[in-house]
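The values are calculated or read from the model by the stated rules, or taken from the named source; none is laboratory data. Bear in mind that the values here come from a model prediction, so they are computed numbers and not experimental data. Neighbour counts run over all protein chains shown; Cβ positions are idealised from the backbone, glycine included. What goes into the accessible areas is simple: the full protein's heavy atoms, side chains included, and nothing from ligands, DNA or RNA. Shrake-Rupley method; radii C 1.70, N 1.55, O 1.52, S 1.80 Å.
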Amino acid sequence: MTAMTDSKNLNRQSTETRSLDSDLWVYLYRQRMRIRLFEEQVNELYTRALMPGLAHLYVGEEAVAVGVCEALRNDDYITSTHRGHGHCLAKGASPDRMFAELLGKEAGYCRGKGGSMHIADPATGNLGANAIVGGSVGIATGAAFSAKYLGTSQVAVCFFGEGALGQGVLYEEMNMAQLWKLPVIYVCENNSYNEYTHYLETTAGEIPARAAAFGVHAETVDGQDVRAVYATCARLVERARRGDGPAFLLCDTYRYHGHHVGDINREYYRSKKEEGQWKSERDPIKTFSDWLIDEKHADAVLLARIHSEIKSEMQKAVEFAIAAPYPTVDEAEQDVYA
Ligand SMILES: Cc1ncc(C[n+]2csc(CCOP(=O)(O)OP(=O)(O)O)c2C)c(N)n1
C-alpha cells in the first residue's frame, strides 16, 4: 500500500511503539487535515479576491475521499465532481499545482485553463473533475471497460453527489457495468443538498434500491467515519478486481460551507442549528482524532505537530501559486478541444 510507505516516512518520529495500524490511521488523519487546510486557503483566496471565479468546498466530507482513495492503487482511476479538491488530494495531487490551477497559472494541472472544477492528474489516475452533474459517470465506466478489456486489473471509482441521481446517464451506465461485470465503483456522496434544495425534495425512494434494480451490489456507510469508508471500499475494490463487477457505495455526509464559496446566507434552505450539530457532533476529523488518542495510536502533541506541518505546507503552496507566472497569450488555443 503506497500510503503505508509514505506514512512511515512522514510519521515515524516519536512513534517507535506504534504499530503499522497506527501508522495507517495517523496517515489517514494527516490526509484529511491536508484537505481541510487546503480548502481553508481556497476560501481565503476567494475572500481576498485573489482567485477568479468560484469554488465548491469539500470541508466536512473529507472522510469519504480519504477512505475511498486509500483503498485504491496509484494506477486505479477516479473521476470527480465540481466539489473535487478533496478527491484530487486524496488520490495524490500536489497542492502547489492545484492552487496554481485555481489561480489560472501555467504551473497548474491544466496549465491554468481548467480552474477548480476541471483538475485532472493522469499520473495519479485522476481522470478529472467535471462541472456537469453526473458528467463523469460515463468516463469512469469507460475507464473500467478499458481496464477489463486490457486485463490490467485496475478499478475505477466514480465520485458523484446525490444530485446526480436525477441524471439518466447514471442508470444507462450502471446497466452496462452490471451486464459486462465492469470493475467500477459508483460512490454517491450524499451531503443532503443539491445546491439549495434538500435531496428529499428531489429524490424518491431508497437510494441504494436504484442500484439494486440493476443487480448492482449496493452498500451504505457513514461517510463521517473514515475507518468504515476505508474498510467497506477496500472490500468493494477487491471484489471488482477479482471480476465480480460493479458496486454502488452510498456515503452519508455533510458539507460545512455553502454550495460554493459565495453562498454565505444559507438560512433560507438550512438552519445554523443543523450546521452546528454536524460540526460539533459529527466532525470527521474531531471524532477521529479523539479515537486516535483514546486508542493510543497518537497523542495530542503528534496531532498538533501534524496540523502545523500541514499549515505550513499549504501556506508554501499558496505562495508558490501566487508567485507563479500566467500562461502566455500564444498558449490560449493550445490543448483546447472543441
Ligand atoms: C447537468 C447539470 N445540471 C445542473 C447543474 C447546476 N448544478 C451545479 S452543482 C448542482 C447540484 C449538485 O448537487 P450534488 O450532485 O448533490 O453535489 P453537491 O454540490 O451536493 O456536492 C447543480 C444542480 C450542472 N452543473 N450540471
query = Which residue, HIS56, HIS87, HIS198, has the most motion in a Gaussian network model of the chain that connects Cα atoms within less than 10 Å?
reply = HIS198
task = Could you check how much of the accessible area of the chain is carbon and sulfur, as a whole percent, using a 1.4 Å probe?
result = 54
Separation in nanometres of the label points that stand 7 Å from Cα toward Cβ, at GLN277 and GLU331 = 4.8
ask   = Separation of segment 283-338 and segment 180-256 by C-alpha centroid, Å?
value = 26
request  = Write down the radius of gyration of segment 226-278 and its Dmax, each obtained from C-alpha positions, in Å.
outcome  = 17.1, 48
inquiry  = Give me the three principal axis extents of segment 123-246 from the C-alpha atoms, as integers in angstrom, largest value leading.
reply    = 42, 32, 30
remark   = For segment 46-63, Karplus-derived ³J(HN,Hα) couplings (6.51, -1.76, 1.60; θ = phi - 60°; whole Hz; x for glycine and proline) come out as 5, 4, 8, 6, 9, 10, x, x, 10, 9, 10, 7, 9, 4, x, 9, 4, 5
query = Which of rounded, prolate, oblate describes segment 242-326, given a ≥ b ≥ c as roots of the alpha-carbon gyration tensor eigenvalues and a/c under 1.5 marking rounded, otherwise prolate only if a/b is larger than b/c?
reply = rounded
ask   = Going down the list LYS91/LYS296; LYS113/LYS279; LYS273/LYS316; LYS272/LYS311; LYS91/LYS273; LYS181/LYS286, which pairs span over 30 Å between their C-alpha atoms?
value = LYS113/LYS279; LYS273/LYS316; LYS91/LYS273; LYS181/LYS286
message = Positive end of the dipole of segment 136-229, charges at C-beta (+1 Lys, Arg; -1 Asp, Glu), about the Cα centre: which of THR152, GLN178, TYR193 has its Cα farthest in that direction?
response = THR152
11 Å beta-carbon shell around ALA332, net charge (K/R +1, D/E -1) = -2
note = Burial-style ranking of 148-159, 265-276, average other-beta-carbon count within 10 Å with highest first, yields 148-159, 265-276
GluC sites (Glu not before Pro) within segment 14-93, DSSP loop, no more than 14 other Cβ atoms inside 10 Å = GLU16
request  = Based solely on C-alpha atoms, express the radius of gyration and the Dmax of the chain in angstrom.
outcome  = 19.4, 57
key: trypsin sites (Lys or Arg not before Pro) restricted to segment 222-265 and DSSP loop, no more than 12 other C-beta within 10 Å   = ARG242
